[in-house]
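Here's the structure, in structure tokens; my notes come after.
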Amino acid sequence: MTIFNFTAKDNDGNVIKGDYDGKNQNEVIRHIKDRSLYVLSIDSDDDSVQKASVWTKFNRLPNKKLRHFTSQLWLPLEAGVTINLALHAIASQADDQRLSTITLDILKKIREGHSFSEALEKQNGAFPPLYIAMIRAGEASGSIPEILRNLEEFLESDADTISKLRSAIIYPFIIVNISFFVICFLVFFVLPKIMFIFKDKEHLLPMPTKILLAFKDFVVNHPLELISVIILGLFLSYYAYMSNQVRTIFDKQILRVPLFGKLTKESSISRSFSSMAVLLSAGVPILKILSIIGPISNNHVFQETWRQTAEDIKLGDALSVPMEKSNLFSLSIIQMIKTGESTGKLDIILQKISVRLLKDFNRTIADTTSLIEPILLILMGIIIGFISLAIMLPLFAISQALGH
């Protein structure tokens with residue numbers, strides 16, 4: 001048995017703290033709900049309950065494999081197949097050796113007497129905290145197949161969002177890289193072949209050509225210094241970004257960038273609300289939810305907002321109060337969340353908000369992509385045009401001289 005400390009709230013909004021000696025968190029949740037209380041957080045005093053290492057994220061199953069595992073599990077369970085048989089079938093049919101190994105280990109731990117969520121938790125970070133929290137809640141309510149189906153839908157939606165973000169980045173990335181190689185070819189191969197004509201007559205060259213030659217000579221004559229400056233700059237930038245203070249300032253500025261800031265904001269809010277909705281519907285405590293969704297957002301401003309929101313809820317505030325203070329959410333979103341809190345349908349409201357924001361996000365991606373493409377083409381055209389001009393002007397000068 002393990003002693004669990006819990007924080008809960010009654011129907012009048014009063015915060016109640018206590019402890020309970022139980023086998024696992026599911027038993028504690030049932031105990032709290034039997035007292036007509038709303039679970040805020042549950043922590044264990046047992047030293048054997050360890051937090052995951054920061055390095056476990058590198059051991060996480062990719063979204064595609066996680067979706068495959070989830071879909072292959074909930075269908076048999078819903079049909080009445082035992083979890084042991086379902087896991088054995090997944091392990092034997094899996095094309096991926098790592099997924100097969102993980103599934104067999106989960107099966108082994110279940111046979112040893114561990115719950116499904118405990119077996120997942122012992123896979124060295126292969127399953128994200130959100131996934132484990134959902135399964136634990138499903139065990140408490142006896143609705144694991146339904147929880148797994150919800151998880152598959154959530155993972156599918158999350159993968160679709162990330163795919164659209166990547167698609168929006170790929171085209172500009174290709175344009176920039178092609179332009180870079182064209183520029184290098186013109187500067188380091190075409191230009192030197194033409195310049196031998198002007199040997200000892202560099203003073204006759206037009207200004208654009210002189211500028212381009214100076215740039216080329218600097219790169220050729222100081223390669224080590226240039227590479228060292230670039231590496232040092234990247235290192236210092238990364239080191240500074242790892243500082244919470246610098247990262248917060250940087251991420252705040254990102255949110256102010258036209259279009260890209262809107263894209264970041266809509267993506268962060270949509271993913272956070274979608275996660276909150278599925279976790280709330282599964283009965284996961286709100287403070288546990290906030291600790292899970294913090295890392296989902298790559299923007300430090302949102303991570304800090306969710307951390308502060310959790311602190312304010314511990315003091316007795318409703319979810320909407322610290323969210324309104326953050327000034328990150330529109331008035332309509334705050335009003336909808338207040339409605340969800342007053343009606344007890346916060347999970348449904350959050351899901352509706354996330355769906356609406358996802359539509360806004362898709363429109364913003366389309367707008368951003370359609371705007372970035374011509375801007376990049378114009379910018380690359382100006383650079384390549386300048387280089388071409390610097391190469392062609394001396395040739396025009398020679399042609400005119402020969403004509404005279």
- Task: Could you pull out the residue among L85, L104, L99, L155 that is in contact with a Ser or Thr (Cβ under 7 Å, 6 or more places away or on another chain) and either of a type outside the set (F, W, Y) or under 21 Å from I292 (Cβ atoms) (or both)?
- Result: L155
- Message: When you check L148 against the structure, is it assigned to a helix (DSSP H, G or I), of a type in the set (A, V, I, L, M, F, W, C), within 26 Å of S272 (Cβ to Cβ) and not assigned by TED's automatic domain parsing to the domain that holds K33, yes or no?
- Response: yes
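Please go through region 312-329 and give me each residue that is exposed (fewer than 13 other Cβ atoms within 10 Å of the Cβ) and at negative phi, ordered by number.
Filtering region 312-329 down to residues exposed (fewer than 13 other Cβ atoms within 10 Å of the Cβ) leaves 315-316, 327.
Passing the criteria: only L315.
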- Message: Which numbered condition in (1) buried (at least 18 other Cβ atoms within 10 Å of the Cβ); (2) touching a residue at least 60 places away in the same chain (Cβ under 8 Å) is the only one that S179 fails?
- Response: (1)
- Query: Name the pairs: first residue in region 238-263 and closer than 18 Å to R307 by Cβ, second residue of a type in the set (D, E, K, R) and modelled with pLDDT of 80 or more, Cβ to Cβ under 8 Å, at least 6 apart or on different chains?
  - Reply: T248/E304; L255/K265
- Here are T305, T339, T343: which of them is farther than 26 Å from S167 by Cβ and touching a Leu at 6+ places or on another chain (Cβ under 7 Å)? T305
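Does any residue of region 169-182 turn out to be of a type outside the set (A, V, I, L, M) and over 30 Å from D251 (Cβ atoms)? Quick ask: steps written out before the conclusion?
Let us first name the residues in region 169-182 that are of a type outside the set (A, V, I, L, M), namely 171-173, 177, 179-181.
Narrowing further to those that are over 30 Å from D251 (Cβ atoms): 181.
Yes, region 169-182 has at least one match.
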- Item | Residues of region 293-311 that turn out to be loosely packed, with under 15 Cβ neighbours inside 10 Å and under 21 Å from the mean Cα position of the chain (by Cα), as a count | 3
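Which of the residues that make up region 144-176 are hydrophobic (A, V, I, L, M, F, W, C) and touching a residue at least 12 places away in the same chain (Cβ under 8 Å)? Break it down stepwise before answering.
Initially, region 144-176 is screened for residues hydrophobic (A, V, I, L, M, F, W, C), giving 144, 147-148, 151, 154-155, 159, 162, 165, 168-170, 173-176.
Answer for region 144-176, where residues must be hydrophobic (A, V, I, L, M, F, W, C) and touching a residue at least 12 places away in the same chain (Cβ under 8 Å): I144, I147, L148, L151, F154, L155, A159, I162, L165, A168, I175, V176.
Table: residues versus (1) under 30 Å from I83 (Cβ atoms); (2) over 42 Å from the mean Cα position of the chain (by Cα); (3) at pLDDT 85 or above.
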| position | (1), (2), (3) |
| --- | --- |
| L148 | yes, no, yes |
| S157 | yes, no, no |
| N177 | no, no, yes |
| F180 | no, no, yes |
| K201 | no, yes, no |
| F215 | no, no, yes |
- Could you pull out the residue among A240, A277 that is surrounded by fewer than 16 Cβ atoms within 10 Å (Cβ to Cβ) and either part of a helix (DSSP H, G or I) or basic (K, R) (or both)? A240
- Query: Only one of these conditions is not met by I313: (1) farther than 23 Å from V278 by Cβ; (2) touching a residue at least 40 places away in the same chain (Cβ under 8 Å). Which number is it?
  - Reply: (1)
- Return yes when L290 is modelled with pLDDT of 85 or more, surrounded by fewer than 21 Cβ atoms within 10 Å (Cβ to Cβ), among the hydrophobic types (A, V, I, L, M, F, W, C) and not assigned by TED's automatic domain parsing to the domain that holds E27 and no when it is not. no
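The values are calculated or read from the model by the stated rules, or taken from the named source; none is laboratory data. The structure displayed is predicted, hence computed values, not measured ones. In this analysis, Cβ positions are derived from the backbone assuming ideal geometry, glycine residues included, and neighbour counts consider all displayed protein chains.
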